[in-house]
Amino acid sequence: MISTILAIVCSFLIVVFGIPSIITVAKLKNLYDKPEERKIHTQKIPRLAGLAIFVAFAMAVLLFGDFNAIEGTQYIAASLIILFVGGLKDDIIILSPLKKLYTQLLAAGLVTAFANIRINDLHGVFGVNEIPLITSIAISMFMIIVITNSINLIDGVDGLAGSLALIMSITFGYLFSIENDPAWTLLALSLAGAILGFLFFNFSPAKIFMGDAGSLTIGFLLSIFTIHFIESHSPLVNMASNFKSAPGIALAILIVPLYDTLRVFILRVVKKTSPFKADKNHLHHWLIKNGQTHLQVTLVLSFVNLLFILIAFGIKDNPAYMVMLIIGGIALIVGQLPIYFYRHKISDIEADDDVREEIEQSLYSETYKK
C-alpha cells in the first residue's frame, strides 16, 4: 500500500511540475494545436501533455512497481513506447490514420502474443466460453485498438477525456485492490495520479491538451487493464470470483467513449465516408450544440459514466451477457438524448418563427384593411 501511495504522489507531482515547462517549450517552438473547422477550441493551445503523462507513469512504475508480479512487463513497456512515440510524432508533424493503425497493431500484437494479455474466455457471452488461441489473439487485439482509439476520439472538450480516464483508472485500481492484486493496483493508480495532475491544466479554459501521445498511452493502458480484469475473473481461472459478470462491468466502466466511438463509426459508414474522417457528430459536439459549456459537458458525461458503473455493480450477480445487454440498452437510449433535445430545440425555434410570421402577416392584413 505504501508503494502504491508513493507511486500516485510521484506521478502526480511529475506532471504538475513538468507541464509548465512543456507549455513554455511548446510556445517557443510554436508547437500548437491550431483551431480548424472540425475543432471546438478557438485558440492555439499546446498539445504535448502526453509527454508528461508518459514520463510520470513510467517513473512511478519503475521506482515503486513490482515487475515480478506482472507477466511480460518488457512487452508491455515496449508496446507503450511504440504507441507513445507514434502519438508524439503525430502531435508534432501529423501521421496518417493508416500509419497510426500500424503502430497500434504492432503494440497490440506484442502484448497479446508475448505478454499473454488476451481474452481466453467469453464468460458464456454468445454461449461461448473457452476460445482457441488465434481467435483469442484476434479478439484481444481488436479490443485494444478499439479502446485505445475511443479515448483518442472522446478527447474533444476541455477536461473530458482526462476526467473519464481518471474515473476509469481509479475504478480499475479499486477492483484490482479488492481482489488483492497489488501490482496491477499500482499500475492503475499511478496512471490516475498522472491524469489528475494533467487535469489541473486541462479544465476549461485548457492551457494544454494531452495530444495523441497522451490519449494513446492512456487508452492502451486502460485496454490492458480491461483485459486483465476480465481474464482474472474468468471461470477458467477464478471459480470463486465475485465478478462473474466481469465483461459487463468492464463495458460499463468504458461505456461513454466506447458507445461514442461505435456510434460515430457506424454513422460514417452509413454515410459512405471513411470511419477515420473527423466530424462534429460526437456526443460532446451535440451537448455543445445544446448550449452546454465545456465544463458542463465534462461534468455531464463524467456523471453518466459513473452512473453506468454503479448500475453495473448493482446487477453484477447476473450473467455477463445480461449485464452487457442492460448496459448496452441503456446506453442506446441515453446516447440519443442530446440529439433529441437539440432537434426538439430547433423545432421549437422553427415553430416560434412560424408563429411570429403568422402574427406579422395578420397585423399587416389588419393594417391594410384599415
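No value in this document is a laboratory result; all are computed from the given coordinates. The model shown is predicted, which means the values in this text are computed figures rather than measured ones. Note: ideal-geometry Cβ built from the backbone for every residue, glycine included; neighbour counts use all protein chains shown.
Across Lys99, Lys244, Lys271, mean-square fluctuation computed from a Gaussian network of the chain (C-alpha pairs under 10 Å connected) peaks at Lys271.
Would you mind calculating the relative contact order of the chain from Cα pairs under 8 angstrom and at least 6 residues apart, reporting the percent as a whole number? Each step should come with its number before you reach the end.
On the way: 538 pairs, mean separation 78.1, N = 370.
Over the chain, the number comes to 21 percent.
Report the FRET efficiency, 1/(1 + (r/R0)^6), for Ser21 and Asn180, where r is their Cβ-Cβ distance and R0 is 45 Å, rounded to 0.05. Plugging the Cβ-Cβ distance into 1/(1 + (r/R0)^6) gives 0.70.
How big is the dipole moment of the chain about its Cα centre under a simple scheme where the beta carbon of each Lys and Arg is +1, that of each Asp and Glu is -1, and everything else is neutral? Debye, nearest 20, please.
Details: 26 positive and 27 negative charges, 176 e Å.
Computed about the Cα centre, the dipole is about 840 debye.
Among Val297, Val146, the ranking by other beta carbons within 10 Å of each residue's beta carbon, starting with the fewest, stands as Val146, Val297.
Inter-part distance, the range 88-126 to the range 246-265, computed on C-alpha centroids, equals 17 Å. Residues whose amide H falls under 5 Å from that of Lys207, counting only those 5 or more places apart or on a different chain, are Asn202, with hydrogens built in the peptide plane. Only helices enter this figure: runs of n ≥ 4 DSSP H residues, each worth -39500 (n - 2.57), summed and divided by the residues of the chain, yield -24500 deg cm²/dmol at 222 nm to the nearest 500.
Computed from the C-alpha gyration tensor, the three semi-axes of the ellipsoid equivalent to the range 50-202 are 25, 21, 16 Å, from longest to shortest. Close amide H partners of Tyr32, meaning residues 5 or more places away or on another chain with modelled amide H under 5 Å apart, do not exist here.
The stretch between Leu105 and Leu63, if pulled fully straight at 0.36 nm per residue, gains 12.2 nm over its current Cα-Cα span.
Can you compute the FRET efficiency between Asn129 and Asn30 using 1/(1 + (r/R0)^6), with r the Cβ-Cβ distance and R0 = 51 Å? Round to the nearest 0.05.
Details: r = 55 Å, r/R0 = 1.08.
The value I calculate is 0.40.
Once both labels are positioned 7 Å from their Cα atoms along Cα-to-Cβ, the gap between Arg343 and Lys89 label points is 4.3 nm.
Work out the FRET efficiency for Asn116 and Ile81 from their Cβ-Cβ distance, taking R0 = 22 Å, and round it to the nearest 0.05. All intermediate terms of the calculation are to be shown ahead of the outcome.
Numbers: r = 19 Å, r/R0 = 0.87.
It comes to 0.70.
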